[in-house]
1. From the list 84, 42, which one is modelled with pLDDT under 90 and surrounded by 13 or more Cβ atoms within 10 Å (Cβ to Cβ)?
2. Suppose the filter is over 21 Å from residue 164 (Cα atoms) and touching a residue at least 24 places away in the same chain (Cβ under 8 Å); does residue 127 pass it?
3. Could you list, in sequence order, the residues of region 123-160 that are more than 19 Å from the chain's Cα centre (by Cα), in a strand (DSSP E or B) and exposed (fewer than 14 other Cβ atoms within 10 Å of the Cβ)?
4. Take the conditions closer than 14 Å to residue 54 by Cβ and either in contact (Cβ under 8 Å) with a residue 60 or more places away in the chain or surrounded by 16 or more Cβ atoms within 10 Å (Cβ to Cβ) (or both) and apply them to residue 96. Does it pass?
5. If a residue has to be part of a helix (DSSP H, G or I), over 13 Å from residue 101 (Cα atoms) and free of Cβ contacts under 8 Å to residues at least 12 places away in the same chain to count, how many in region 35-71 make the cut?
6. Against the conditions (1) modelled with pLDDT of 90 or more; (2) surrounded by 16 or more Cβ atoms within 10 Å (Cβ to Cβ), where does residue 64 fall short? Just the number, please.
7. Against the condition more than 30 Å from residue 34 (Cβ to Cβ), crowded, with 17+ Cβ neighbours inside 10 Å, in contact (Cβ under 8 Å) with a residue 24 or more places away in the chain and touching a strand residue (DSSP E or B) at 6+ places or on another chain (Cβ under 7 Å), how does residue 105 come out, does it pass?
């Protein structure tokens with residue numbers, strides 16, 4: 001048999017074997033598998049953290065289908081939902097923060113980095129001049145700061161991770177979605 005024919009026969013045989021295996025996972029599952037668990041919440045710069053929040057949470061489109069489309073166009077992939085009533089979490093394999101979203105809540109999460117607190121505070125002052133500090137007593141201990149804004153609230157949270165590392169979250173809640 002000529003060399004080219006042997007290669008074709010081998011590929012055909014492998015294709016037949018692959019055809020007998022279990023169903024191929026969907027694209028989201030395959031893409032999520034490329035992201036190491038520890039990279040799902042990256043160490044985003046303060047500027048990237050705030051820009052992602054502004055893009056996907058503050059200036060978000062109406063409706064979850066439009067939001068899903070916007071995040072996917074930006075290379076984000078949704079993780080399987082643990083709680084059907086909870087937000088959908090989207091991750092991407094680069095330095096942009098994870099994004100969690102549902103009809104009324106949108107937030108970004110990244111590892112804590114220097115400068116984030118100052119950058120977030122400046123962003124809130126510039127973007128929401130009406131923002132007023134609010135009591136955090138009704139929230140969990142992870143909530144660091146809360147601001148009342150027109151039609152909603154903004155909050156920051158810190159979550160312990162491992163050792164001296166923590167995650168920083170910026171969340172926007174709007175009653176009207």
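1. Numbers: 84 fails: surrounded by 13 or more Cβ atoms within 10 Å (Cβ to Cβ).
Result: 42 is the single residue among 84, 42 that is modelled with pLDDT under 90 and surrounded by 13 or more Cβ atoms within 10 Å (Cβ to Cβ).
2. For residue 127, the condition - over 21 Å from residue 164 (Cα atoms) and touching a residue at least 24 places away in the same chain (Cβ under 8 Å) - is met.
3. Answer for region 123-160, where residues must be more than 19 Å from the chain's Cα centre (by Cα), in a strand (DSSP E or B) and exposed (fewer than 14 other Cβ atoms within 10 Å of the Cβ): 132, 133.
4. Numbers: closer than 14 Å to residue 54 by Cβ: yes; either in contact (Cβ under 8 Å) with a residue 60 or more places away in the chain or surrounded by 16 or more Cβ atoms within 10 Å (Cβ to Cβ) (or both): yes.
Criteria met by residue 96.
5. Residues in region 35-71 being part of a helix (DSSP H, G or I), over 13 Å from residue 101 (Cα atoms) and free of Cβ contacts under 8 Å to residues at least 12 places away in the same chain: 3 in total.
6. Evaluating residue 64 over (1) modelled with pLDDT of 90 or more; (2) surrounded by 16 or more Cβ atoms within 10 Å (Cβ to Cβ) leaves (2) as the failure.
7. Details: more than 30 Å from residue 34 (Cβ to Cβ): no; crowded, with 17+ Cβ neighbours inside 10 Å: yes; in contact (Cβ under 8 Å) with a residue 24 or more places away in the chain: yes; touching a strand residue (DSSP E or B) at 6+ places or on another chain (Cβ under 7 Å): yes.
Taking the combined requirement at face value, the residue does not satisfy it.
The values are calculated or read from the model by the stated rules, or taken from the named source; none is laboratory data. Worth saying up front: this structure is predicted, and the values here are computed from it rather than measured. Quick reminder, even Gly has a Cβ in these numbers, built from the backbone with ideal geometry, and neighbours come from all protein chains shown.
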